[in-house]
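Notes for the one structure printed next.
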Amino acid sequence: MSAVSELVALRPPRRGLPRSDRAVLRGFSRAELRAWVGTALGAPAFRGDQLFEWLHGQRASSADAMTNLSRADREALARLADFERLSVELCATAADGTRKLRLRGALGAVFESVLIPNPGRGYTQCISSMVGCSLTCRFCATATLGFERNLATWEIVDQVYQAQDLLQREAEATGAKWPARITNLVFMGMGEPLHNYGQVKRAIELLSDPKGAGIAKRRITVSSSGLVPAIERFGREGLAEDIGLAISLNATTDATRDEIMPINTRWNIATLLDAIRELPPSRRRRVTFEYVLLADVNDTDDDATRLVALVSEFDCHVNAIPFNPHPGTPLRRPSPERIGRFVARCRAGGLSVHIRTPRGDDIGAACGQLALEAKT
Ligand code: SF4
């Protein structure tokens, strides 16, 4: 079976990507915009660069705003192109300052994005790549939504632009000279990013462009549950050089991983680690292994010992994530003592381990909790 047909065999979407009769320019690359202005407007390529800055630097939502274009070009743009933006359905703020944005995209699709204040300055934004998810990880609330569809490129990048708009309004309201900055991006919201590989790759190019959001590639991390063919592509196409990869591992035996992450029945732990071994070495980035700690499932001393044996050959970091409960799940978070013991054993084995503090769990925004719940 080819890699593509294997991927298609994962949970199928209820819909395809939305199509529009008009050009959805916010999803175009810089090169595509330069070509498009030539064919659609008969304009020189530099008009494409001007359009890029309006769409991604100024976050313009209509051709009228594009004052350095001629009236004729603006009228043609209004006729031929689509400048749609997401609408913000809800913005909930947690006690720790984490914000959850619930957003509505094309065809009424609803999904979420989380803005997390960094300890120093600025924000990390956790963005979604799908409406629901094509996978069925047992510890994840998003999995309960089923899989509606992949997000289009413009819907991925506009999550960041909506958050930038929010920070801009806050700066204006408080009289701050500059809005707070989004410095880091993690593709760890709704969906398996590498199962929407093409749109995610395009979104990274747009978001890292200095004339757009300008987020450095080394500050962008893509998470994967272990989609081996797409991890191989991630390495082959050069993304692994700059973009961080976080592997959601969560178990140390195939029996347990099969149970809590059914994707393991397709690509088991050994196959997954082989794929990581084959990634070209990055000068800048270490692989991160995410490990959601589940009481009596994957938190024993033996698990800690096996985790050390599995990953210590890699230049890696382990994020231990105490499970964030969600309604209807039988899974539980281990006690603080159990978590401490697990982490201490891993550290004694030489691993670099960080215990991830839950952020925004009082508004259902913490890791694994995004499920369009009505908590505010
Ligand atoms: S953990 Fe990630 S890949 Fe797994 S179901 Fe949740 S959103 Fe999908």
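Where residues in the stretch 110-168 are touching an Asp or Glu at 6+ places or on another chain (Cβ under 9 Å) and among the aromatic types (Phe, Trp, Tyr), which of them is farthest from Thr329 (Cα to Cα)?
Trp154
I'm checking my understanding of the structure. Among residues of the stretch 120-147 that are among the β-branched types (Val, Ile, Thr) and surrounded by fewer than 23 Cβ atoms within 10 Å (Cβ to Cβ), which one is nearest to Ala365 (Cα to Cα)?
Thr124
What are the residues in the stretch 332-344 that are part of a helix (DSSP H, G or I) and out of contact with any Leu (no Cβ under 7 Å at 6 or more places or on another chain), if any?
Pro336, Glu337, Arg338, Gly340, Arg341, Val343, Ala344
If we keep just the residues of the stretch 25-63 that are of a type in the set (Ser, Thr, Tyr) and either in a helix (DSSP H, G or I) or free of Cβ contacts under 8 Å to residues at least 40 places away in the same chain (or both), which is nearest to Gly212 (Cα to Cα)?
Looking at the filtered set, the residue picked out is Ser61.
Among Arg356, Arg341, Arg345, Arg333, which is closer than 25 Å to Gly189 by Cα, in contact with a helix residue (DSSP H, G or I) (Cβ under 9 Å, 6 or more places away or on another chain), charged (D, E, K, R) and surrounded by fewer than 20 Cβ atoms within 10 Å (Cβ to Cβ)?
The conditions single out Arg333.
Here is a yes/no grid of residues against (1) within 16 Å of the chain's Cα centre (by Cα); (2) away from the ligand (no atom under 16 Å from the Cβ):
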residue	(1), (2)
Gly120	no, yes
Cys133	yes, no
Thr142	yes, no
Pro179	no, yes
Met190	yes, no
Ala203	yes, yes
Ser225	yes, no
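Among the residues of the stretch 212-234, count how many are over 27 Å from Gln58 (Cα atoms) and part of a loop (DSSP other than H, G, I, E, B).
3
Can you tell which of Arg59, Arg30 is buried (at least 20 other Cβ atoms within 10 Å of the Cβ), at pLDDT 95 or above and not assigned by TED's automatic domain parsing to the domain that holds Pro229?
Residue meeting the stated conditions: Arg59.
Return yes or no: is Asp209 surrounded by fewer than 19 Cβ atoms within 10 Å (Cβ to Cβ), among the charged types (D, E, K, R), part of a loop (DSSP other than H, G, I, E, B) and away from the ligand (no atom under 14 Å from the Cβ)?
It is true that Asp209 is surrounded by fewer than 19 Cβ atoms within 10 Å (Cβ to Cβ), among the charged types (D, E, K, R), part of a loop (DSSP other than H, G, I, E, B) and away from the ligand (no atom under 14 Å from the Cβ).
Looking at the stretch 194-201, is at least one residue loosely packed, with under 14 Cβ neighbours inside 10 Å and either farther than 19 Å from Val114 by Cα or touching a helix residue (DSSP H, G or I) at 6+ places or on another chain (Cβ under 8 Å) (or both)?
yes
If Ser128 passes every condition in (1) more than 11 Å from the ligand (Cβ to nearest atom); (2) within 13 Å of the chain's Cα centre (by Cα) but one, which one does it miss?
Failed condition: (1).
So for the stretch 99-106 (the condition being loosely packed, with under 15 Cβ neighbours inside 10 Å and under 21 Å from the mean Cα position of the chain (by Cα)), does at least one residue qualify?
no
Counting only residues that are under 9 Å from Ala295 (Cα atoms) and of a type in the set (A, V, I, L, M, F, W, C), how many does the stretch 314-338 have?
Summing the residues that are under 9 Å from Ala295 (Cα atoms) and of a type in the set (A, V, I, L, M, F, W, C) in the stretch 314-338 gives 2.
Restricting to the stretch 82-92, what's the tally of residues that are in a strand (DSSP E or B) and under 20 Å from the mean Cα position of the chain (by Cα)?
Residues flagged as in a strand (DSSP E or B) and under 20 Å from the mean Cα position of the chain (by Cα) within the stretch 82-92 amount to 6.
Considering every residue within the stretch 289-308, establish whether at least one is within 30 Å of Leu115 (Cβ to Cβ), within 16 Å of the ligand (Cβ to nearest atom) and surrounded by fewer than 15 Cβ atoms within 10 Å (Cβ to Cβ).
No - not one qualifying residue is present in the stretch 289-308.
The values are calculated or read from the model by the stated rules, or taken from the named source; none is laboratory data. Worth saying up front: this structure is predicted, and the values here are computed from it rather than measured. FYI the Cβ positions are ideal-geometry reconstructions off the backbone, even for glycines, and counts take in every protein chain you see.
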